[in-house]
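Okay, structure first, notes after.
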Amino acid sequence: MSDQPESFRDSIPTVDAAGKRVWMYPRKPPTGKNSSPDAPDFFKLRTWVSWILLVILVTGPFIKIAGNPLLMMNIGEGKFSIFGIMFWPQDFYLFALAMITGFVMIAFFTAAWGRIWCGWLCPQTVLMEMVFRKIEYAIEGDAREQKKLNEAPWTQDKITKKAIKHGIFFGLSFVVANLLLGYIIGGEALLDLISESPTKHTGGFFALLLFTGLFYSIFARFREQACTFVCPYGRFQSVLLDENTMVVAYDHVRGEKRARKLKGESWEERLSIGKGDCVDCNLCVTVCPTGIDIRNGTQMECVNCTNCIDACNSVMHKMKRNPGLIRFASMNQIEGKTKKRVFTPRLKAYAILMAALLVLLTGLLIARDSVEITMLRVRGTTFQVMPDGKVTNMFEARFMNKTGRKMDGSLKLLNVEGELLYSDQHMQMNPQEEANTIVVITLAPDQLRGKETRVTLGLMVDEKVVDTHTTNFLAPGGGS
Ligand code: SF4
Ligand code: SF4
């Protein structure tokens with residue numbers, strides 16, 4: 001951290017002393033030919049990562065793995081899919097375990113690499129910085145022009161620019177709302193909805209417009225406030241980070257004492273009187289989407305977007321100084337306490353816990369039945385004795401096909417000889433669907449074991465037993 005006062009911790013740059021919003025005008029970070037040739041162009045790299053993520057985001061509802069959606073959170077129907085693995089309400093323990101594993105992973109990656117998720121992978125940042133912000137730059141120009149335009153009276157030019165920008169923002173928000181719906185109901189259901197008139201789904205259409213309005217207000221107005229005020233992850237980081245965490249950090253040892261570079265001042269002269277490499281140009285602050293000054297040290301608002309690294313490296317290049325005055329580093333590295341990446345006991349504990357949870361989750365997923373049968377006696381029934389002495393019991397069987405393929409199933413009595421009667425058409429098990437049928441089991445007296453006989457039914461697919469269910473078969477008693 002720099003030797004500047006700590007007053008910055010008492011307020012945030014996006015709100016003034018009266019509690020009013022301060023609108024951020026982040027400058028375009030130097031990239032491409034404007035970036036430093038001596039250091040990685042992080043903005044370019046981030047653009048590539050964002051393109052890949054955007055392709056996944058847009059195609060996600062339609063991507064299938066083993067016939068199941070890549071990601072689906074259908075809360076209404078109780079169907080969830082993560083990386084093509086389907087979870088049903090019965091699998092809630094697995095879903096909960098997957099969530100816990102996810103939290104431990106987040107804790108591990110945050111403790112090791114800070115808020116790298118926020119700046120590089122979070123859909124909010126990717127959409128805001130790589131889509132909406134770029135459109136804004138294209139229509140209204142860089143930060144200075146945007147500010148000028150906002151402060152200018154409502155001329156024809158301003159009205160046109162604002163109308164085009166907000167029209168595009170609203171259209172894109174509508175697309176994002178549709179994609180969100182696709183992740184809830186699945187890609188095919190979304191396409192069905194789109195192909196039909198909104199008048200057939202007025203409720204759904206209004207919900208879609210509501211979400212469109214929500215996304216529009218986030219990307220057009222709320223912006224970085226979502227990361228600083230709303231997202232709980234930003235708050236977590238203060239307990240997860242320590243002095244060994246790799247974060248976007250300002251090298252205050254090298255940079256301080258910051259001072260403008262005077263005309264004709266040589267670097268030797270400058271350093272000899274205690275001035276550092278920071279020329280106090282403020283470029284790192286002006287490119288920051290959350291408006292903070294990273295030279296004050298790691299702050300909750302920093303989303304690790306690396307814009308300030310690119311900005312400072314370009315300045316260092318012009319000054320003929322080494323890049324990396326702002327870089328990915330731990331506080332201990334900056335202060336020279338360690339050179340290498342330290343794998344702290346806390347990180348080791350997270351890693352062991354994460355590995356154990358992953359092994360447990362994988363084991364449970366492998367052991368999980370992909371097809372399930374459950375049977376319940378038809379309510380209010382017991383048994384019926386036929387004229388030939390045979391006894392029948394009636395059950396309601398429920399089948400669940402958790403796979404992504406259609407299956408033809410059949411039932412078989414596994415531990416007794418008897419007859420089975422059930423409706424054939426119900427044994428067509430569609431992917432990720434439940435089916436029910438009434439099953440009548442008939443046993444001859446020589447198969448009965450008193451009043452209650454344990455009967456095991458096998459669900460057969462491709463002549464293999466894929467699941468079994470054991471139930472009590474009731475009889476008047478006294479069987480052979
Ligand atoms: S301080 Fe740097 S890395 Fe952090 S949000 Fe601002 S520009 Fe991005
Ligand atoms: S961009 Fe670099 S040199 Fe300029 S103020 Fe920031 S840290 Fe100092």
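The values are calculated or read from the model by the stated rules, or taken from the named source; none is laboratory data. Quick caveat, the model's predicted, so the values are computed rather than measured. Glycine gets a Cβ as well: all are built from the backbone with ideal geometry, and neighbour counts include every protein chain shown.
With respect to residue 311, determine if the residue is more than 9 Å from ligand 1 (Cβ to nearest atom), buried (at least 21 other Cβ atoms within 10 Å of the Cβ) and within 28 Å of residue 11 (Cα to Cα). Here the answer is no, as residue 311 does not meet what is asked. Annotation note: of 254, 295, 260, the sole residue that is buried (at least 19 other Cβ atoms within 10 Å of the Cβ), at pLDDT 95 or above and not aliphatic (A, V, I, L, M) is 295.
Looking only at region 215-224, which residues are in contact (Cβ under 8 Å) with a residue 12 or more places away in the chain and more than 19 Å from the chain's Cα centre (by Cα)? Across region 215-224, the qualifying residues are 216, 220. For region 259-290, filtered to residues that are under 11 Å from residue 308 (Cα atoms) and in a helix (DSSP H, G or I), the residue that is nearest to ligand 1 (Cβ to nearest atom) is 284. For region 26-42, the criterion of being within 26 Å of residue 223 (Cα to Cα), loosely packed, with under 12 Cβ neighbours inside 10 Å and among the hydrophobic types (A, V, I, L, M, F, W, C) is met by no residue. For residue 286, state whether it is among the hydroxyl-bearing types (Ser, Thr, Tyr) and surrounded by fewer than 17 Cβ atoms within 10 Å (Cβ to Cβ). Judged against the criteria, residue 286 is not a match. Of the set (1) within 16 Å of ligand 2 (Cβ to nearest atom); (2) without any contact (Cβ under 8 Å) to a residue 24 or more places away in the chain; (3) aromatic (Phe, Trp, Tyr), all apply to residue 343 but (1). Per the conditions (1) within 15 Å of ligand 2 (Cβ to nearest atom); (2) free of Cβ contacts under 8 Å to residues at least 24 places away in the same chain, the sole criterion not satisfied by residue 291 is (2). All of 183, 216 fail the test of being assigned to a helix (DSSP H, G or I), of a type in the set (Ser, Thr, Tyr) and in contact with a Phe, Trp or Tyr (Cβ under 8 Å, 6 or more places away or on another chain), apart from 216. Candidates 470, 442, 456: the one that is of a type in the set (S, T, N, Q), outside the structural domain of residue 63 (by TED's automatic domain parsing) and loosely packed, with under 14 Cβ neighbours inside 10 Å is 470. Could you please give the count of residues in region 257-293 that are within 19 Å of residue 40 (Cα to Cα) and of a type in the set (A, V, I, L, M)? The qualifying residues number 2. Taking region 234-251 as the range and being outside any loop (DSSP other than H, G, I, E, B) and within 14 Å of ligand 1 (Cβ to nearest atom) as the test, the residues that pass are 234, 237, 247, 248, 249, 250. Taken together, the residues in region 423-434 that are part of a strand (DSSP E or B) and surrounded by fewer than 17 Cβ atoms within 10 Å (Cβ to Cβ) amount to 3. Answer yes or no as to whether residue 316 is more than 14 Å from ligand 1 (Cβ to nearest atom), of a type in the set (A, V, I, L, M) and modelled with pLDDT under 95. No: the conditions fail for residue 316. Of the listed requirements (1) buried (at least 16 other Cβ atoms within 10 Å of the Cβ); (2) modelled with pLDDT of 85 or more, residue 99 misses just one: (1). Which one of the conditions (1) touching a Ser or Thr at 6+ places or on another chain (Cβ under 6 Å); (2) touching a residue at least 60 places away in the same chain (Cβ under 8 Å); (3) aliphatic (A, V, I, L, M) does residue 460 fail to meet, given that it meets all the rest? With (1) touching a Ser or Thr at 6+ places or on another chain (Cβ under 6 Å); (2) touching a residue at least 60 places away in the same chain (Cβ under 8 Å); (3) aliphatic (A, V, I, L, M) applied to residue 460, the lone miss is (2). Yes or no: region 171-178 includes at least one residue that is under 13 Å from residue 60 (Cβ atoms), among the hydroxyl-bearing types (Ser, Thr, Tyr) and either surrounded by 14 or more Cβ atoms within 10 Å (Cβ to Cβ) or touching a residue at least 24 places away in the same chain (Cβ under 8 Å) (or both). No - not one qualifying residue is present in region 171-178.
Yes/no matrix, rows are residues, columns are (1) within 15 Å of ligand 2 (Cβ to nearest atom); (2) in contact with a strand residue (DSSP E or B) (Cβ under 9 Å, 6 or more places away or on another chain); (3) in the same structural domain as residue 146 (by TED's automatic domain parsing):
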site: 239; (1), (2), (3): no, no, no
site: 252; (1), (2), (3): yes, no, no
site: 279; (1), (2), (3): yes, no, no
site: 300; (1), (2), (3): no, no, no
site: 323; (1), (2), (3): yes, no, no
site: 327; (1), (2), (3): yes, yes, no
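Within region 242-251, take every residue that is within 14 Å of residue 346 (Cα to Cα) and buried (at least 19 other Cβ atoms within 10 Å of the Cβ) and give me the one that is farthest from the chain's Cα centre (by Cα). By that ranking, first place goes to 244. Taking residues in region 191-211 that are farther than 12 Å from residue 181 by Cα, and partners anywhere that are not acidic (Asp, Glu), the pairs with Cβ atoms closer than 8 Å and at least 6 places apart or on different chains are 198/205; 201/193.
Taken across region 196-206, residues that are more than 30 Å from residue 348 (Cβ to Cβ), at pLDDT below 95 and of a type in the set (Asp, Glu) do occur, with at least one present.
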